[in-house]
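J.: Starting off with a structure, shown below.
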Amino acid sequence: MESFAAHGRYVLYQTVSAGEGPGVGKSPEAMLLLCLDLQEKQIDRFVPTDPANLGSLPLDPSGRMLAGTLTREGVALPVNVGVWQPAGWLHFADDPRGTAAALQAAGVDYVSQRLATVYQTTNADAAQRLMSFLTGLVGHGSGIQPLRNRVPGFPDAKCFRRTGSPLPADSPATWRMMQWQFKCVATADRYAYTVFSETEKDVMQQASAQYRILAGK
């Protein structure tokens, strides 16, 4: 079910897809109305940039996080490269509702992404709590297994492997990030982060490299 609604200078588009059964909950119509109500309140808080000034918007609103997020010369990056405040990042989250609560609890103010995804929290304790949430999120689901081996010199990092056939090596980076073969979750002081790769050795090297960048080593 889809709907369009005029609201001030904006046209709001909602789409809902729902099955049938006792676990579905609200009807598609009720879900559309709820989405529209929430979207109207959200858009009323939005302050748009004058089109003439779009070119002057900063690539990194945090001023520093993107420069401290892992990248590698000659390696293709996913489409979603940038720095977001929590509300923006939820568009890319696997579990938006759970992630929203976890980001708020950890005091996250920015999330950056290149080859790694980095979350800036209020302090080291908050980063550890967020890591626990991310570890559960990454490790959830069929076909995901924890790795027995630990990241050398970094035993607190949690790494996982997706069973089954990997994507072809020439697949777009965005697909490989979404359908990762190996993934690690770790922290560095006030930061929690994830890295992914097609091999166990490389994902562990990335986990170590991102730690050194964030720790200033």
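Throughout, read-outs are computed from the coordinates displayed, never taken from laboratory work. All values derive from a computational prediction rather than experimental measurement. Ideal geometry is used to build each Cβ from the backbone, glycine not excepted, and the neighbour counts take in all protein chains shown.
J.: On a C-alpha basis, how far is the centre of the stretch 47-67 from the centre of the stretch 174-202 in Å? Whole number, if you could?
T.: Rounded to whole Å, the Cα centres lie 27 Å apart.
J.: Here's a follow-up. Relative to the first principal axis of the alpha-carbon coordinates of the chain, what is the inclination of helix 28-44, with its axis defined by its Cα atoms, in degrees from 0 to 90 and to the nearest 10?
T.: Helix 28-44 and the main axis of the chain meet at about 80 degrees.
J.: Right, next: Calculate the FRET efficiency for E40 and F92 from the Cβ-Cβ distance with a Förster distance of 25 Å, rounded to the nearest 0.05.
T.: 0.60
J.: What's the angle, to the nearest 10 degrees (0 to 90), between helix 200-215's Cα axis and the longest principal axis of the chain?
T.: 80 degrees
J.: With n ≥ 4 as the cut-off for DSSP H runs, can you work out [θ] at 222 nm for the chain, using -39500 (n - 2.57) per run divided by the number of residues, rounded to the nearest 500?
T.: Helices in the chain give a 222 nm mean residue ellipticity of -10000 deg cm²/dmol.
J.: Pick out which of L33, L115, L147 has the largest mean-square fluctuation in a Gaussian network model of the chain, springs linking Cα atoms closer than 10 Å.
T.: L33
J.: With an 8 Å cut-off on Cα pairs and a minimum separation of 6 or more residues, tell me the relative contact order of the chain in percent.
T.: Averaging sequence separation for qualifying contacts and normalising by length gives 16 percent for the chain.
J.: Going by alpha carbons, how many degrees (0 to 90, nearest 10) lie between the helix axis of 96-106 and the longest principal axis of the chain?
T.: Helix 96-106 and the main axis of the chain meet at about 60 degrees.
J.: K201: which aspartates and glutamates have alpha carbons under 18 Å from its alpha carbon, excluding same-chain residues fewer than 8 sequence positions away?
T.: D156
J.: Check the cysteines of the chain one by one and keep only those with no other cysteine Cβ under 4.7 Å from their own.
T.: Lacking a cysteine Cβ partner under 4.7 Å: C35.
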